[in-house]
Amino acid sequence: MNEISIKIKELRLEYGLSIIKLSELIGVTDSTISRWERGITDITGANLIKLCDFFGVTADYLLGRDEYK
């Protein structure tokens, strides 16, 4: 797992969301979210922005470059 994988899962759980619900809310498949969380697939810039907007965090936070959301 990489830093972004950990952050995505942490935020999803913090918001009380299943993988399926988060995928519906941001418009990707549940298998995509699962692969992100396991560090199997890299996230695209467009999807990184979707996650940042949804969770109200910066890209630097998700990428592990900043500890503040």
Original post:
How high is the relative contact order of the stretch 3-62, in percent, counting Cα pairs under 8 Å that sit 6 or more residues apart?
Top reply: 35
**OP:** Apply the Karplus parameterisation 6.51 cos²θ - 1.76 cosθ + 1.60, with θ equal to phi minus 60°, to every residue of the stretch 27-36 and state each ³J(HN,Hα) to the nearest whole Hz, in sequence, with x for glycine and proline.
**Re:** x, 10, 7, 5, 5, 5, 4, 4, 5, 4
Original post:
Just how large is the dipole of the chain about the Cα centre, in debye to the nearest 20, putting +1 at every Lys and Arg Cβ and -1 at every Asp and Glu Cβ?
Top reply: 140
Subject >> Stretch gain in nm, segment Ala59-Ile40, where the contour uses 0.36 nm per residue and the Cα spacing is subtracted >> reply: 4.9 nm
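We did not get these values from a lab; they are worked out from the coordinates using the rules stated. Since we're looking at a predicted model, the values are computed, not measured. Ideal geometry is used to build each Cβ from the backbone, glycine not excepted, and the neighbour counts take in all protein chains shown.
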